[in-house]
1. Could you grab me the full set of residues in region 24-45 that are more than 16 Å from ligand 2 (Cβ to nearest atom) and in a strand (DSSP E or B)?
2. In region 3-56, how many residues are open to solvent by 50 Å² or more (accessible area, probe 1.4 Å), modelled with pLDDT of 90 or more and more than 10 Å from ligand 1 (Cβ to nearest atom)?
Amino acid sequence: MSTHPQGPGNPAFGEPDEDLPLMCSQCGTDRNLALHSIETLNPPLEDLVKVGYSCSACGMHYLHRADVATVASVLNRDGSLTNVLAFGGHYIHCGQPMEKTGSELRRLSAPVSTDKDQEETFDVYMSTRVLHCRCGFQVELPE
Ligand SMILES: [Zn+2]
Ligand SMILES: [Zn+2]
């Protein structure tokens, strides 16, 4: 009598673990995608997240694993933060939520222009938060 060991460690019972590009396979474009969710994987994997989105052109829904940089390129198409996912108040880099490591108080001096004879300046304090990724990447954002 022979039995094949089949435990919870069997990789065949996992989720599909392909890293797919974000694209509507129906329309063949990534231009109409609306992102709904970004989750870290369990267990977390470097540079990979689970992303859920739909295509607003045909209504297809997708949920799969994807590379952070790929998601960032769709999500931050017009943004300046490369490889950072900003979603629902969370910032993700390297597939991990970035940690807040501190906050800064920035002083901006703005001239008060109500009276031309008075050259007063007026200090504006703006608080920012500093987010840090374990890879060393950090970003400072307005609070
Ligand atoms: Zn579509
Ligand atoms: Zn990172």
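1. Applying the first criterion (more than 16 Å from ligand 2 (Cβ to nearest atom)) to region 24-45 yields 24-37, 39, 42-43.
Result: Cys24, Thr29, Leu33, Ala34, Leu35, His36, Ser37, Glu39, Asn42, Pro43.
2. Summing the residues that are open to solvent by 50 Å² or more (accessible area, probe 1.4 Å), modelled with pLDDT of 90 or more and more than 10 Å from ligand 1 (Cβ to nearest atom) in region 3-56 gives 0.
The values are calculated or read from the model by the stated rules, or taken from the named source; none is laboratory data. None of the values given here were measured: they were computed from a predicted structure. In this analysis, Cβ positions are derived from the backbone assuming ideal geometry, glycine residues included, and neighbour counts consider all displayed protein chains. Ligands, DNA and RNA are excluded from the accessible area calculation, which covers all protein heavy atoms including side chains. Shrake-Rupley method; radii C 1.70, N 1.55, O 1.52, S 1.80 Å.
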